[in-house]
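Student: I have a structure here, written as structure tokens, and I will follow up with some questions on it.
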Amino acid sequence: MYYRLAQDPRFYIDYTGTGNSLNTLHPITLRLIFDSLRYWVTEMHVDGFRFDLASTLAREQSGFDAFGSFLDIARQDPVLSQVKLIAEPWDVGEGGYRVGGFPPGWSEWNDRYRDAVRSYWKGDGGVVGELASRLSGSSDIFGPSGRPPTASVNLITAHDGFTLRDLVSYNDKHNEANGEDNRDGHSDNKSWNCGVEGPTDDPAIRALRMRQMRNFLATLFFSQGVPMLTAGDERGRTQGGNNNAYCQDDQISWVDWGTDDEGETLRAFAARVIELRNRHPLFRRRTFFRGRAVHEDSEKDLVWLNPDGREMTDDEWNQGFARCLGAHLSGRGLTERDELGKPVEDDDLVILLNAHHDVIPFKLPGNGDGAQWEARIDTDVAHGVPGQVIWAPQSEYPLQGRSLVLLCRPR
């Protein structure tokens, strides 16, 4: 009754890879699940749920069904439909990968965001188009089902896989301590060790790793969608290259909340980018960009820029060597209204990203009134505060190799 059985009922069906799969085809199992969820909301006051391997729960007789029993009940339930419902939108069964396939009311872990951002900062070519789609909220994934950018839960790392520090310190997994001869865990991590596998005393490599972690943090919090930060990443926690530490109840998986100087500097940087995200509603849009003017007298809500300061062309999106990109976000490009019904506006923002190893002069956008740009974040600096703050319109910002910059033109 409670678990799915194979055609030969002596055997269980396992869609999760971690054990028997709940039989959500049976009404008694569904009642057990939803009675439990409602109890946790009404009595324990949780504000939502993240469902591990959620595709398993949404399987009907013929496979995944976005309008099957489990998802249908969750959507109609007067209690559960009012809380956060987050899916890990895949399982290990056939047809189980369903990113973008859950119905309205659900948010999803976006692994395409994770892979695009990792590949870009790793230095892979030919990914700027994919990166732009992920930074702007993944409308190609969530738009067709009528869901907003907040349906995308953006992640760089999670409890499974490398920590942020290990992502920039190891090319390969090191799971020997798990006792499975390093066969467990994912082998394609899109990671880069910056020149040395594991710990090093080389100051240049250590500085590059710290800059890469700042790049990942800034990218995460300056993207449209919901950012997900794994505990300890903001201070550089390591698992020694273990990317499947579920079985380790020791220093490998514990979070040490004490920090050294590097960890404290990174934590302060993370706090700074979070504060900037909270300050600017442009980072928290509830609708997707249109790529055109929202008001008759305003510029496009989003313009993608090449280093010459011009809008990206179709050919430039397809250049395999391209590793530098800019985004100009108009403060008048919002369609939201505040609690008083007034249109929400923000400052104009520019994000510059350079995954190339060398400095690239990037021409800043101009404007009609000559208002200057103010640099707010530069990941080339350990604490993130740029040395020069004020920049004239159409001047060239010296975008350092493997760095991200945020500039603001206050309204």
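Each value in this text was obtained by applying a stated rule to the coordinates, not by laboratory testing. This structure is a prediction, so every number in the text was calculated from the model and none was measured. Because the Cβ atoms are built from the backbone with ideal geometry, glycine has one as well, and the counts that use them run over all protein chains shown.
Student: Over all alpha-carbon pairs of the range 143-266, lay out the pair-distance distribution in 10 Å bins, whole %, shortest bin first.
Tutor: Going from the shortest bin to the longest, the percentages are 13, 40, 33, 11, 2, 0.
Student: If you take the alpha carbon radius of gyration of the range 1-154 and divide it by 2.2 N^0.38 Å, what ratio comes out, to two decimals?
Tutor: 1.15
Student: Right, something else. If one computes P(r) from the Cα atoms of the range 168-215, what percent of pairs lie at distances over 18 Å?
Tutor: So the portion of pairs separated by more than 18 Å is 38 percent.
Student: Over the range 183-342, calculate the relative contact order: mean separation of alpha carbon pairs under 8 Å at least 6 apart, over the residue count, as a percent.
Tutor: Contact order relative to length: 18 percent.
Student: With 10 angstrom as the radius, rank V128, V99 by how many other C-beta atoms surround their C-beta, starting from the fewest.
Tutor: V99, V128
Student: Straight-line reach from K122: which lysines fall under 20 Å, measuring Cα to Cα and dropping same-chain residues less than 8 apart?
Tutor: Cross-link targets: K173, K190.
Student: A follow-up question, please. Tell me the angle of helix 261-279 to the major Cα principal axis of the chain, expressed in degrees between 0 and 90 and rounded to the nearest ten.
Tutor: Orientation of helix 261-279: about 90 degrees from the principal axis.
Student: Related question: With the Cα gyration tensor of the chain in hand, convert its eigenvalues to equivalent ellipsoid semi-axes via √(5λ) and list them largest first in whole Å.
Tutor: After diagonalising the Cα gyration tensor, the semi-axes are 38, 28, 19 Å.
Student: Still on this model: Can you give me the relative contact order of the chain as a percent, contacts being Cα pairs under 8 Å and 6 or more apart?
Tutor: 11 percent
Student: For H295 and I28 in the same chain, what is the full-extension length gain: residue separation times 0.36 nm, less their Cα-Cα distance, in nm?
Tutor: On the way: separation 267, 0.36 × 267 = 96.12 nm, distance 5.37 nm.
Extending this stretch completely gives an extra 90.7 nm.
Student: Assuming a ≥ b ≥ c are the square roots of the Cα gyration tensor eigenvalues, decide whether the range 1-58 counts as rounded (a/c under 1.5), prolate (otherwise, with a/b larger than b/c) or oblate.
Tutor: Judged from the Cα gyration tensor, the range 1-58 comes out prolate (a/c at least 1.5, a/b above b/c).
Student: Compute the helix-to-body angle for 203-221: its Cα long axis versus the longest principal axis of the chain, expressed 0 to 90° and rounded to tens.
Tutor: Between the helix axis and the principal axis of the chain, the angle is about 70 degrees.
Student: What net charge do the residues around R310 carry, taking every other residue with its C-beta under 11 Å from that of R310, with Lys and Arg at +1 and Asp and Glu at -1?
Tutor: Summing Lys and Arg as +1 and Asp and Glu as -1 gives -2.
Student: Calculate the FRET efficiency for W254 and D188 from the Cβ-Cβ distance with a Förster distance of 22 Å, rounded to the nearest 0.05.
Tutor: Details: r = 27 Å, r/R0 = 1.21.
The calculated FRET efficiency here is 0.25.
Student: Next question, about the same structure. Charges at C-beta only: +1 for Lys and Arg, -1 for Asp and Glu. How large is the resulting dipole of the chain about its Cα centre, in Debye rounded to 20?
Tutor: Value, rounded to 20: 820 debye.
Student: Fewest Cβ neighbours within 10 Å first, please rank H186, H174 accordingly.
Tutor: Lowest to highest Cβ neighbour count: H186, H174.
Student: Over all Cα pairs of the range 265-359, how is the pair count split among 10 Å bins, expressed in % and running from 0 up to the last occupied bin?
Tutor: 14, 37, 32, 15, 2
Student: Identify all lysines with a Cα-Cα distance to K84 below 26 Å; exclude those on the same chain that are fewer than 8 residues away in sequence.
Tutor: Output for K84: empty list, no partners.
Student: Under 30 Å between alpha carbons, and skipping anything fewer than 8 positions from K300 in its own chain: which lysines qualify?
Tutor: K300 reaches K342, K363.
Student: Given the alpha-carbon gyration tensor of the range 371-411, what are the semi-axes of its equivalent ellipsoid in whole angstrom, ordered largest first, with each equal to the square root of 5 times an eigenvalue?
Tutor: 18, 11, 8
Student: Using the per-residue mean of other Cβ atoms lying within 10 Å as a proxy for protection, in what order, highest first, do the peptides 381-390, 110-119, 343-352 fall?
Tutor: In descending order of packing, they fall as 110-119, 343-352, 381-390.
Student: Between D35, D380, D358, where does the largest GNM mean-square fluctuation fall for the chain, given springs only between Cα atoms within less than 10 Å?
Tutor: Result: D35 has the largest fluctuation of those listed.
Student: A further question follows. Pairwise over distinct Cα atoms, reciprocal of the mean inverse distance: report the Kirkwood radius of the range 283-411 in Å, one decimal place.
Tutor: Kirkwood radius, the range 283-411: 15.5 Å.
Student: I want to check the label-to-label distance for V46 and Q319. Put each point 7 Å from Cα in the C-beta direction and report it in nm to one decimal.
Tutor: The answer from the label model is 4.9 nm.
Student: Averaged over every viewing direction, what's the projected area of the C-alpha convex hull for the range 81-167? Give it in nm², one decimal, please.
Tutor: If you wrap the Cα atoms of the range 81-167 in a convex hull and average its projections, you get 6.7 nm².
Student: Continuing with the same structure: Just report the Cα centroid separation between the range 35-88 and the range 346-411, whole Å.
Tutor: Cα centres, the range 35-88 to the range 346-411: 43 Å.
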